[in-house]
1. If you place +1 on the Cβ of every Lys and Arg, -1 on the Cβ of every Asp and Glu, and leave all else neutral, what size is the dipole of the chain about its Cα centre, to the nearest 20 Debye?
2. I need the calculated FRET efficiency for the pair Arg201 and Met1, taking r as the beta carbon distance and R₀ as 30 Å, to the nearest 0.05.
3. What's the FRET efficiency of Leu176 with Lys100 using the Cβ-Cβ distance as r and R₀ = 35 Å, to the nearest 0.05?
4. Which of rounded, prolate or oblate describes region 53-100 when judged by the alpha-carbon gyration tensor and an a/c cut-off of 1.5?
5. When the helix-only estimate is applied to the chain (DSSP H runs of n ≥ 4, each -39,500 (n - 2.57), divided by the residue count), what is the mean residue ellipticity at 222 nm, nearest 500 deg cm²/dmol?
6. Select from region 106-150 those GluC sites (Glu not before Pro) which occupy a DSSP coil region and have at most 15 other Cβ atoms within 10 Å, ordered by residue number.
7. Which lysines have a Cα less than 22 Å from the Cα of Lys48, not counting those fewer than 8 places away in the same chain?
8. Quick one: plug the Kirkwood hydrodynamic radius of region 5-61 (C-alpha pairs) into Stokes-Einstein at 25 °C, 0.890 mPa s, and report D in µm²/s.
Amino acid sequence: MLNLGIFISGRGSNLRAIYRAIKQKKLDAQINLVVSNNPDAAGFQWAKDEGLLTVCLSRNDFTTEQEFISAMLKELEDHGVNFIALAGYIAKLPAEVVRKYYPNILNIHPALLPLFGGKGWYGQIPLKAAIESGMKFTGVTVHIVNEEYDAGPIVYQQPLEIKPEDTPETLEERSLKLQWEIYPYILQLFAQRKIKLKDDRVRILSTQKNNPKR
Ligand code: GRF
C-alpha cells in the first residue's frame, strides 16, 4: 500500500486521476497529503474541497532553506507518507527530501526524456518544442526523481504521435489523457513491488494484464 504525498503547483489533473484510480480500486494507495507550493493552485483548492489533507509549503514563507526543508520533512513524516508523486510540481524537491525518499519518488513529464526536459521545461513548453523540432512523435515519461530536474531513472515511456495540425494545446490534451492512464498504472506497479532498480536502470516485472497500451 502506498501512502502518498502528492506534490502539485497548478491544475492538478494528474492528482485527480490518481484519486479516481484509488476510488475505482485500480490503485492500492491512499493520498495521505497533498502538498502545493502555490496556495492558489486549482488542484490545491480541489483537494481541499474533496476533504484531502493539504499543506501549502512555499520556500518564500520560510527564512532559511533549512527551515523549509525541515517543515517539509516533518509534514511528510507526520502524515505517514512513504511515497512521493510529483504531479505538475514545478519547484525543485530539496535534495534532503530526495535522499530520504529515493527511489520512492516519481514524476510524470510530457515528453520523451531526456529530450525536452530540465529546469523550466514545464506546462506546454516541452510540447511546443517537440512540435517545432519537426519530430513526428513526442510522448510521456514517468521517472524516479533524483536531485536534478527530469533526470532520474526512467520507469516508463509511451510515445504520442504529433499530427501535422497539432498545436501545443491539442497535443497537451492528448498527452494529459495518456498521463491519466499511465501515472496510476505505474504507481500500482510500485504498490505491487514490480519495479526493480539496479545500477540506475529500471526493470518492470511481468505487467501484461493491465498495461494501458493494450
Ligand atoms: C503535466 O503535463 C505533467 O506531465 C507535468 O505537468 C503537467 C501537470 O498537469 N509534470 P496537472 O497539474 O496534473 O493537470
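All of the numbers you see were taken from the coordinates with simple rules; none came from a lab. Everything quoted here is computed from the prediction, not taken from an experiment. Backbone-built Cβ (ideal geometry, glycine too); neighbour counts: all protein chains shown.
1. 1080 debye
2. 0.70
3. That gives a FRET efficiency of 0.70.
4. rounded
5. Here the helix-only value at 222 nm equals -10500 deg cm²/dmol.
6. Glu147, Glu148
7. Lys23, Lys25, Lys74
8. Estimated via Stokes-Einstein, D reaches 216 µm²/s.
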